[in-house]
Amino acid sequence: MALEDDVRQASEQFYAALNSALNGDPGPMEEIWSHGSDVSAMHPFGGRMLGWDEVRGSWEQAAQAFSGGQVALDEMVVVPITEDAAYTLGTEHGQGRLGDETVGIEWRVTNAYRREAGGWKIVHHHTDFS
């Protein structure tokens, strides 16, 4: 059960960082992501980012585009893969301002986590429209 608790804590840290990014501050993403060349992200508005530089850039773009954002994860399921890897499934709910428009967030999400020297880090984030 410790693995599941650790992954749930890593997920909480990711969503705190995501909410910071949706309010203009992508900085916390630096701490919770693995910085490897194998990390990836696929956001609901398209595109695929591979490697930490591209993933970091996508969060910087999101932070510039969004304001007043708030998102929460519901119905999360933790799926262990090994002692050092797991993924989560769930639904993101929330909203944010994109320019002058308020955008509703109702997205399916898969996040993958890996235990590294600095603790559990996110290595993949994929969201799409429900």
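Only the coordinates and a few stated rules stand behind these numbers; no lab work does. Every value quoted in this text rests on a predicted model; they were computed, and no experiment measured them. With ideal geometry, Cβ positions are generated from the backbone for all residues, glycine too; neighbour counts draw on all protein chains shown.
A few notes on this one:
- Two-site FRET efficiency, M76 against D38, from Cβ-Cβ distance with R₀ of 25 Å, rounded to 0.05: 0.60
- Taking chymotrypsin sites (Phe, Trp or Tyr not before Pro) across the stretch 1-96, the ones in a DSSP loop with at most 14 further Cβ atoms lying within 10 angstrom of their Cβ are F45.
- Summed residue charge, Cβ within 13 Å of R114's Cβ, Lys/Arg positive, Asp/Glu negative: -3
- For the stretch 57-130, the list of trypsin sites (Lys or Arg not before Pro) that fall in a loop by DSSP and count at most 14 other C-beta atoms within 10 angstrom is empty.
- Under 15 Å, Cβ to Cβ, from I105 - net charge with Lys/Arg +1 and Asp/Glu -1: -4
- For the chain, calculated [θ]222 nm from helices alone, where every DSSP H run of n ≥ 4 adds -39500 (n - 2.57): -9000 deg cm²/dmol
- Over all projection directions, the Cα-based convex hull of the chain averages an area of 7.1 nm².
- At an R0 of 30 angstrom, the distance between the Cβ atoms of Q95 and E60 translates into a FRET efficiency of 0.90.
- Among the GluC sites (Glu not before Pro) found in the stretch 1-89, those both in a DSSP coil and sparsely packed, with 10 or fewer other Cβ atoms within 10 Å of their Cβ, are E83.
- Shape category assigned to the stretch 72-114 from the gyration tensor of Cα positions, a/c cut at 1.5: prolate
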